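Have a look at the structure below, then the notes.
Just so you know, all these numbers are worked out from the coordinates, no wet-lab data involved. A quick note: this is a predicted structure, and the numbers were derived from the prediction, not measured. Counting neighbours? That spans all protein chains shown, and the Cβs are built from the backbone with ideal geometry, glycine included.
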Amino acid sequence: MNRGEMLERALAHREAWDMVVIGGGATGVGVALDAAARGYDVLLLEQSDFGKGTSSRSTKLVHGGVRYLEQGNVSLVMEALKERGLLRQNAPHLVSNLAFVVPNYEWWEAPFYGVGLKVYNLLSGRYGFGTSEILSKEETLARLPTIRTEGLRGGVVYYDGQFDDARLLVNMAATAAEQGAALLNYAPVTGLTRDGYGFVDGVVAHDLESGREIRAAAHVVINAGGPFCDAVRRLADPGLPPLIAPSQGIHLVFDGKVLPGGAAIMVPHTSDGRVMFAIPWHGHTVVGTTDTPVENVSLEPRPLDEEIEFVLETASRYLRQPLTRADVRSVFVGIRPLVRSGDATSTAALSRDHLIHIDPSGLITVTGGKWTTWRGMAEHCVNTAALLEHLPEKPCPTRNLNIHGFHRQAERFGSLAVYGSDALHIQDLVHGEPALGEPLHAALPTIGAEVVWAARFEMARTVEDVLARRARALFLNARAAIEMAPRTADLLARELGRDATWRDAQVEAFRKVAAGYLVA
Ligand SMILES: Cc1cc2nc3c(=O)[nH]c(=O)nc-3n(C[C@H](O)[C@H](O)[C@H](O)COP(=O)(O)OP(=O)(O)OC[C@H]3O[C@@H](n4cnc5c(N)ncnc54)[C@H](O)[C@@H]3O)c2cc1C
């Protein structure tokens, strides 16, 4: 993916695109990938970087959602379990099988959760990840050596998927580009154009780097703005009532030694009736999440103090060694674009089903759902768009479409495993310039060659793009990421042909953003 070429394509395209997609998160990139793979002519515009919104800030689970089973939403769970299986099949370098243990401290928990998780497993049918089992106290401790032993009776283990969300997104964008889509980051859509009948027939956007205006005519415009989707709808009609109820969720990240057994902990009932996870991820431990309704949406939402305390307190209840603020390496926050419902009493009770909504202007909004179900959402959305605009019908091929980087044994690439088959090219960069093989920080495995790769082939434009989403340093250890910024900026400036002023401004801008990931 080359940003200069993408921009040229967007500027030079004279005829109407079949589809213009607004938003470069899982939903928008999924739609662009689906549309391009069918042979439609598609342009995607993202206001910031791909994945800057919610799609880099998930719990990193490719799952059916045990919680939704409890809510009785069997069809959502079955759909998500099928998508979980397809995603592991199509992106095995990024989706792995993880054991989750529910520790039991009450006599009724083993039979209760044992049966529930058996059903969860049965619903996955041929897309199963492994059978659930009841564990003795000793077996539970072997998988979770750090949990509280007082009163521990045993546990239940089940299997679900885990992934690197921002890496999958970048690889999906590359797949979409390979299928012919044009995708541009740092290009906010600031207006929607209408034809003589009042129907939306295109977008106006700006290239934030050159300041140039991009006018893109389209047969159909698809709004995948996530938590911002209502603001996008109001570009066409300022009076529209909102479709979504935004709700934020935080995660705290700790060292890997918090969960040394390789398994995750699932707490089915926190004090506020939610599910909480502690999962091993990239050598660290991610704990979350919360569900807090928010009025305003932002690209850098901040955690509330009470959310931090709640996560620390809940996790500490299950661990022998309580966790404190000083143990937190990073905190990250995402906003769920939940579909509104008049009778829901809390955002936790709102459905995780997706919604495809058509405004009177013909603007299609696709929102809600889950990361896991991006493929099904995209298929549904592109079917709707083609029908609405009488575009020639074309079958959806994404059930069996490999995602860029596809590799069945990526673990052999060590810390470069998340790049799948691209790891070989990154290794080549190191052979050409051995200094690029050095880690940028002693606490994390990210090497200089990853910066070069991200700038050359993954459209990374800023230090933050590299350290937050191409590599995951900011999400794993914010302090280390801040210390990596100067060297990252040097390499990026060299790749992108920028001067020392740009480099210094980048380091400063990254420091400011990263400060929001530190917990004092
Ligand atoms: C705390 C939390 C944990 C979660 N955990 C999981 C999980 O473990 N597994 C799972 O399956 N799902 C999970 N989810 C759900 C999942 O992350 C979301 O459903 C998904 O990421 C939403 O993607 P999206 O593309 O709709 O939104 P986003 O990722 O927010 O993308 C929308 C994009 O639109 C862009 N945009 C907005 N306005 C404009 C404009 N005017 N012009 C151009 N671009 C614009 C934004 O910049 C943004 O990048 C979680 C969600 C949260 C909040």
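Brief remarks follow.
- Sparse-neighbour loop sites [chymotrypsin sites (Phe, Trp or Tyr not before Pro); region 21-122; at most 10 other C-beta within 10 Å; DSSP]: Trp107, Trp108
- Ratio Rg/Rh [Cα only; Rh per Kirkwood] for region 41-147: 1.06
- Each residue of region 252-361 gets 150 Å³ once the volume of the Cα convex hull is shared out per residue.
- For region 147-153, putting each phi into the Karplus relation 6.51 cos²θ - 1.76 cosθ + 1.60 with θ = phi - 60° gives couplings of 7, 5, 9, 4, x, 5, 9 Hz, in residue order, rounded to whole numbers and with x for Gly and Pro.
- Computed extension length for Glu389-Ala16: 133.0 nm, one decimal, from 0.36 nm per residue of separation with the Cα-Cα distance subtracted.
- Added length on full extension, which subtracts the Cα-Cα distance from 0.36 nm per residue, Phe112 to Glu139: 7.9 nm
- Region 377-520 - percent relative contact order, Cα under 8 Å, separation 6 or more: 15 percent
- Cα-Cα P(r), region 225-273, percent of pairs per 10 Å interval: 18, 28, 20, 21, 12, 1
- Proportion of all alpha-carbon pairs of region 211-309 beyond 24 Å (%): 47 percent
- Over every Cα atom in region 364-441, the radius of gyration and the widest Cα-Cα span, Dmax, amount to 19.3, 55 Å.
- For region 474-520: Kirkwood Rh in Å [reciprocal of mean 1/r, alpha carbons]: 10.9 Å
- Along each principal axis, Cα extent of region 61-216, largest first, Å: 68, 33, 29
- When the listed pairs Lys118/Lys394; Lys60/Lys512; Lys60/Lys82; Lys118/Lys370; Lys82/Lys118 are checked against a 28 Å cut-off, the alpha-carbon distance exceeds it for Lys118/Lys394.
- Alpha carbon Rg of region 318-448, scaled by the compact-globule rule 2.2 N^0.38 Å: 1.59
- Relative contact order of the chain, pairs being alpha-carbon contacts under 8 Å that are 6 or more residues apart, as %: 19 percent
- Qualifying trypsin sites (Lys or Arg not before Pro) for region 372-422 [loop in DSSP, other Cβ within 10 Å: at most 12]: Arg408
- Placing a label point 7 Å from the Cα of Arg320 along the Cα-to-Cβ direction, the residues of region 138-156 whose backbone N falls under 18 Å of that point are 138-155.
- The protection proxy used here, the mean number of other Cβ atoms lying within 10 Å of each residue, ranks peptides 470-480, 438-448 as follows, highest first: 470-480, 438-448.
- Relative protection proxy for 294-305, 277-288, from highest mean packing down: 277-288, 294-305 (other beta-carbon atoms within 10 angstrom).
- Note on Asp237 and Glu178: the model spin-label points, each 7 Å out from Cα along the C-beta direction, lie 4.0 nm apart.
- When you restrict to C-alpha pairs under 8 Å that are six or more residues apart and normalise by the size of region 249-336, the relative contact order lands at 39 percent.
- Contour excess over end-to-end distance, with Cα ends at Asp499 and Arg9 and 0.36 nm allotted per residue: 173.7 nm
- Each distinct pair of alpha carbons in the chain adds a 1/r term; the inverse of their mean, the Kirkwood radius, is 23.5 Å.
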